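The values are calculated or read from the model by the stated rules, or taken from the named source; none is laboratory data. Since the model is a prediction, treat every value here as computed from it, not as a measurement. Here Cβ is always computed from backbone atoms with ideal geometry, including for glycine, and neighbour counts include all displayed protein chains.
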Amino acid sequence: MGWFQRLQEGLGKTRHAVRHSLDRMLGRTPTPALLEELEASLLGADLGARVVERLIRRVNDEARGEAASSVRGLQHVLSRTLYEILTPVAGPPLLDLIERGPKPFVILAVGVNGVGKTTTIAKLARRVVQAQKRPLLVAGDTFRAAAIEQLQVWADRLDVPIIRQRQGADPASVAFDGIAAAKARGIDVVLIDTAGRLHTKSNLMEELAKVKRVVGRELAGAPHEVLLVLDATVGQNALAQARQFHEAVGVTGLVLTKLDGTARGGIVVAIAEELKIPVRLIGVGEGAEDLQDFNPEAFVAALFGEPAVGP
């Protein structure tokens with residue numbers, strides 16, 4: 001099954017629920033009851049209250065006459081609105097940023113436990129190698145020996161260097177060593193893993209801010225990208241995480257994982273609407289090829305079954 005098919009399948013529950021609501025509106029003037037049903041379907045997809053309010057207002061204004069005569073017409077109204085929200089936060093692709101950015105280009109990956117940070121970093125390293133650039137992995141998650149070993153396995157598999165210390169070492173010290181090594185070895189891209197931490201724990205968030213400060217002192221302007229990895233299946237909690245991490249370390253890009261197994265993929269749109277943070281990558285599976293650049297047109301097509309571009 002191809003990448004888009006997995007995304008489409010993962011968002012299938014949302015698409016079918018919305019389609020059912022649209023079917024009931026065919027040829028009819030949108031009534032409060034019909035709009036409420038559609039609103040519930042959209043909220044169930046975790047599009048967020050602000051986005052849903054905007055969608056319902058657009059449907060109420062435009063889904064009359066010709067637009068209300070077909071599901072496709074109604075889908076187009078919804079899809080066009082989502083495309084308007086997502087387009088400003090799409091791209092440029094991360095590899096393009098790396099190509100145009102300084103050397104070494106430093107990426108700091110952050111997020112809560114269990115979202116797939118280490119795997120995401122490994123997949124990114126693979127893409128960097130495929131682009132014929134030299135990556136360096138930095139095992140900054142020193143809380144878990146398993147995380148260090150997992151990154152070592154990936155480094156061995158990809159035949160790329162890794163900077164690591166013992167379990168319990170100061171994460172900022174590991175990051176410092178990573179930057180120093182990258183400068184000495186002529187590395188193109190530094191990928192720094194960090195320990196998963198609850199966004200509500202202020203001491204852990206301060207530790208993350210310290211890592212960022214140390215990296216910046218060792219290399220002016222770094223990190224050049226602070227990637228927040230989010231699990232799409234947690235819905236609105238992902239938005240809360242994005243708010244807190246953005247406040248603590250200034251997130252510059254998002255990675256949404258596990259979009260192949262959720263009915264709640266609309267959280268991408270909710271975050272885009274509120275925080276305006278670029279969505280760099282989305283993941284739809286465990287395979288290395290399942291981490292792809294975010295494409296708003298493909299995402300809207302998978303979510304609503306109707307790619308809407310233009311007026």
* Do you know which residues across segment 120-175 are assigned to a helix (DSSP H, G or I), of a type in the set (A, V, I, L, M, F, W, C) and over 20 Å from Leu94 (Cβ atoms)? -> Ala145, Ala146, Ala147, Ile148, Val153, Ala172, Val174
* Asked: Looking at segment 176-194, which of the residues that are free of Cβ contacts under 8 Å to residues at least 60 places away in the same chain and under 22 Å from Gly250 (Cβ atoms) is surrounded by the fewest Cβ atoms within 10 Å (Cβ to Cβ)?
  -> Phe176
* Structure fact -> Across segment 94-119, the tally of residues that are under 14 Å from the mean Cα position of the chain (by Cα) and in a helix (DSSP H, G or I) stands at 3
* Structure fact -> Within segment 218-242, restricting to residues that are touching a residue at least 40 places away in the same chain (Cβ under 8 Å) and out of contact with any strand residue (DSSP E or B) (no Cβ under 7 Å at 6 or more places or on another chain), the one that is nearest to Ala49 (Cα to Cα) is Gln236
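Here's the yes/no breakdown for (1) outside the structural domain of Gly116 (by TED's automatic domain parsing); (2) over 16 Å from Thr142 (Cα atoms); (3) among the acidic types (Asp, Glu):
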site	(1), (2), (3)
Trp154	no, yes, no
Arg157	no, yes, no
Arg166	no, no, no
Ala175	no, no, no
Ile179	no, yes, no
Ala182	no, yes, no
Arg185	no, yes, no
Asp188	no, yes, yes
* Structure fact -> Going through segment 105-120 in order, the residues found to be at pLDDT 95 or above and either acidic (Asp, Glu) or out of contact with any Lys or Arg (no Cβ under 7 Å at 6 or more places or on another chain) (or both) are Phe105, Val106, Ile107, Val110
* Among the residues of segment 234-267, how many are within 20 Å of Leu7 (Cα to Cα), among the aliphatic types (A, V, I, L, M) and in contact with a helix residue (DSSP H, G or I) (Cβ under 7 Å, 6 or more places away or on another chain)? -> 7
* Pro88 vs. criteria in contact with a Leu (Cβ under 9 Å, 6 or more places away or on another chain), within 30 Å of Thr120 (Cβ to Cβ) and either in the same structural domain as Leu208 (by TED's automatic domain parsing) or at pLDDT 90 or above (or both) -> no
